[in-house]
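A.B. asks: Input: one structure, supplied below.
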Amino acid sequence: MSRRRVVITGVGPVAPNGTGKEPFWDALVAGRSGISAVKGFDATVFPCQVAGQVDDFDTEPYIEARHARRMARFSQLAVVAARLAEADSGLDAIPGAEAARRGVCLGVSQNALDLLERGFEQFMKQGGRKASPLLAGAAFPHAAAAEIAIACGCQGPVSTISAGCASGASAVGSAYEEIRAGRADVMYTGGADGSVTPFALAAMCAARMLPRTEEGEDPAQVSRPFDGSRRGGVYAEGAGVVVLESLDHAVSRRARIYGEIVGYGANAEAHAMIEFAGDDSFLERSMRVALAAGRLLTTDVDYISAHGPSDGCDLQETRAIKAVFGAHAYNLAISSIKSMIGNPLSAAGPLQLISAALALERQKVP
């Protein structure tokens, strides 16, 4: 059986600098950052006191209020992003008879730290008889994907991918393969993380992964991808979900198409948990595999939406791009939206995919 073509028909960004397609895009092209002083808890005891948090977030139009209160933050972000992508694609008007051909593949890195922190605190203070019943389901890593399946009526393949910051991008790759292989016509895919919590921030600071806050520094200027004076990355939350469809399915319902996914590549550096490897070969391999899968020449590429999470990776990406693209590297447009959203872990790749899809549609690079 021939492999099917896969296209993007809906986007749902929930980011620190904007929720929904137009607010997110407007912030990107204006260079408006969503990074600010940490809200919701006292972060003055930590070396880093800034983060990317979703401030304009309202679950009410998308999730019944009582149910939303029983969900972890990452699940709330994921469901809102999925509902935005669904509406953007027009799939909310498709009859339920297609439910078995719709699936979900979501990337998750930190999952329900907000619920777990509160639940453990309650358990340690009051004992096992007072353990929170929410932890029996809402704190599972798979909870967000399951909530999307319930909210959007997806009865096809539903799965969760956990691969650190690459979780969301890896989930998109897996969803792409589900459609290519004919196991689904539609996939809701991307990533979500809602872990800007006291314990998580303390752990990231202890690992020296975040920049120390300096007196008088503008939080919006702390995340500076590819800047020589950069001091590290900025922790963030968010969700990005896209709707993927087989080309035939999208054309049959006259859907608007942002673009086609023609290939992807994934490799590990197999070096250390939080340290960068000394060479960039794993990044080179990933790009070469993606180009080969899409049957693309290096000169076919015009724009790269770079990861740009921190100093070391900035250098790795720069060297790997030059190694793969050679002289053409100097003709490429390259940018990282982490200057405006920080690093929302598993949501980073999907939000970059959304920004790239909008850049392609609108012929403008943020």
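The values are calculated or read from the model by the stated rules, or taken from the named source; none is laboratory data. From a predicted model like this one, the values you see are computed outputs, not experimental measurements. Cβ sites come from the backbone with ideal geometry, for glycine too, and all protein chains shown count toward neighbours. Accessible surface is based on the protein model in full, side chains and every heavy atom, while ligands, DNA and RNA are left aside. Shrake-Rupley method; radii C 1.70, N 1.55, O 1.52, S 1.80 Å.
A.B. asks: Could you check region 9-19 and list, in sequence order, the residues that are open to solvent by less than 10 Å² (accessible area, probe 1.4 Å) and either under 27 Å from ILE179 (Cβ atoms) or touching a strand residue (DSSP E or B) at 6+ places or on another chain (Cβ under 7 Å) (or both)? Reasoning before the result, please.
C.D. replies: If we filter region 9-19 for residues that are open to solvent by less than 10 Å² (accessible area, probe 1.4 Å), which is where we start, we get 9-15, 18.
Result: THR9, GLY10, VAL11, GLY12, PRO13, VAL14, ALA15.
A.B. asks: Residue by residue through region 301-315, note down the ones that are of a type in the set (S, T, N, Q) and modelled with pLDDT under 90. Let's see the steps before the verdict.
C.D. replies: Within region 301-315, the first condition is being of a type in the set (S, T, N, Q), and the residues that meet it are 305, 310.
Result: SER310, single match.
A.B. asks: Only residues that are surrounded by 20 or more Cβ atoms within 10 Å (Cβ to Cβ) and not in a loop (DSSP other than H, G, I, E, B): list them for region 206-228, please.
C.D. replies: none
A.B. asks: Please go through region 47-58 and give me each residue that is in a loop (DSSP other than H, G, I, E, B) and either modelled with pLDDT under 95 or farther than 21 Å from LEU115 by Cα (or both), ordered by number. Spell out how you get there, then give the answer.
C.D. replies: We begin by selecting, within region 47-58, every residue in a loop (DSSP other than H, G, I, E, B); these are 47-49, 53-58.
Across region 47-58, the qualifying residues are PRO47, CYS48, GLN49, ASP55, ASP56, PHE57, ASP58.
A.B. asks: Pairs please, first residue from region 309-322 and over 16 Å from ILE337 (Cα atoms), second anywhere and among the polar types (S, T, N, Q) and surrounded by fewer than 21 Cβ atoms within 10 Å (Cβ to Cβ), Cβ atoms under 9 Å, 6+ apart in sequence or on different chains.
C.D. replies: Note: pairs meeting the criteria are ALA320/SER281; ALA320/SER286.
A.B. asks: Here is a follow-up. Just for region 169-187: of the residues that are out of contact with any Leu (no Cβ under 8 Å at 6 or more places or on another chain) and not acidic (Asp, Glu), which one is most open to solvent (accessible area, probe 1.4 Å)?
C.D. replies: ARG183
A.B. asks: OK, next. Output yes when any residue across region 181-194 is farther than 23 Å from ALA68 by Cα and out of contact with any helix residue (DSSP H, G or I) (no Cβ under 9 Å at 6 or more places or on another chain), and no when none is.
C.D. replies: yes
A.B. asks: Moving on. Need the failing condition index for ALA333 against (1) open to solvent by 30 Å² or more (accessible area, probe 1.4 Å); (2) out of contact with any Asp or Glu (no Cβ under 9 Å at 6 or more places or on another chain); (3) small (Gly, Ala, Ser), just the number.
C.D. replies: (2)
A.B. asks: Looking only at residues in region 51-73 that are farther than 21 Å from GLU22 by Cβ and among the charged types (D, E, K, R), which one is least open to solvent (accessible area, probe 1.4 Å)?
C.D. replies: Taking region 51-73 first, the residues farther than 21 Å from GLU22 by Cβ are 51, 63-73.
Then keep just the ones that are among the charged types (D, E, K, R); that gives 64, 66, 69-70, 73.
Values: GLU64: 116, ARG66: 168, ARG69: 171, ARG70: 130, ARG73: 57 Å².
Going through the qualifying residues, I end up with ARG73.
A.B. asks: Could you grab me the full set of residues in region 93-105 that are in a helix (DSSP H, G or I) and without any contact (Cβ under 8 Å) to a residue 40 or more places away in the chain?
C.D. replies: Of region 93-105, the ones in a helix (DSSP H, G or I) are 93, 96-101.
Result: ALA93, ALA97.
A.B. asks: Here is a further query. In region 116-146, which residue that is touching a Gly at 6+ places or on another chain (Cβ under 8 Å) and at pLDDT 85 or above is surrounded by the most Cβ atoms within 10 Å (Cβ to Cβ)?
C.D. replies: Narrowing region 116-146 to residues touching a Gly at 6+ places or on another chain (Cβ under 8 Å): 131-132, 134-135, 139, 143.
Checking which are at pLDDT 85 or above leaves us with 139, 143.
Details: ALA139: 19, ALA143: 23.
This residue is ALA143.
A.B. asks: May I ask you to list the residues in region 21-39 that are farther than 20 Å from ALA357 by Cβ and either modelled with pLDDT of 95 or more or surrounded by 13 or more Cβ atoms within 10 Å (Cβ to Cβ) (or both)? Outline the logic, then answer.
C.D. replies: To start, the set of residues in region 21-39 that are farther than 20 Å from ALA357 by Cβ comprises 33, 35-39.
Listed by number, the residues that qualify are SER33, ILE35, SER36, ALA37, VAL38.
A.B. asks: List the helices (runs of 4 or more DSSP H) that sit entirely inside region 263-366 and contain at least 2 residues that are over 21 Å from LEU244 (Cβ atoms) and polar (S, T, N, Q). Don't jump to the end; show me each part of the working.
C.D. replies: Numbers: elements: 281-293, 311-325, 338-341, 348-362.
Output list reads 311-325.
Residues are listed down the side, and each one gets a yes or a no for (1) among the hydroxyl-bearing types (Ser, Thr, Tyr); (2) under 17 Å from LEU345 (Cβ atoms); (3) modelled with pLDDT under 90:
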position: THR213; (1), (2), (3): yes, no, no
position: SER252; (1), (2), (3): yes, no, no
position: VAL262; (1), (2), (3): no, no, no
position: ILE274; (1), (2), (3): no, yes, yes
position: VAL289; (1), (2), (3): no, no, no
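A.B. asks: Tell me which residues, restricted to region 40-50, are of a type in the set (S, T, N, Q) and crowded, with 17+ Cβ neighbours inside 10 Å.
C.D. replies: Listed by number, the list holds a single entry, GLN49.
A.B. asks: Now for a different question. Among the residues of region 74-85, are any free of Cβ contacts under 8 Å to residues at least 60 places away in the same chain and either open to solvent by less than 20 Å² (accessible area, probe 1.4 Å) or out of contact with any strand residue (DSSP E or B) (no Cβ under 8 Å at 6 or more places or on another chain) (or both)? Break it down into steps so the answer makes sense when it comes.
C.D. replies: At the first step, the residues of region 74-85 found to be free of Cβ contacts under 8 Å to residues at least 60 places away in the same chain are none.
No, region 74-85 has no match at all.
A.B. asks: Can I ask one more? Out of all the residues in region 306-315, is one or more within 24 Å of the chain's Cα centre (by Cα), under 16 Å from ALA356 (Cα atoms) and open to solvent by 20 Å² or more (accessible area, probe 1.4 Å)?
C.D. replies: Filtering region 306-315 down to residues within 24 Å of the chain's Cα centre (by Cα) leaves 306-315.
Add one more test, that the residue is under 16 Å from ALA356 (Cα atoms), and what stays is 306-308.
Filter again for open to solvent by 20 Å² or more (accessible area, probe 1.4 Å), leaving 307.
Yes: one or more hits.
A.B. asks: Could you identify the single residue in GLY12, GLY20 that is within 30 Å of ALA203 (Cβ to Cβ), out of contact with any His (no Cβ under 8 Å at 6 or more places or on another chain) and touching a residue at least 12 places away in the same chain (Cβ under 8 Å)? Lay out the reasoning, then the answer.
C.D. replies: Details: GLY20 fails: within 30 Å of ALA203 (Cβ to Cβ).
The unique qualifying residue is GLY12.
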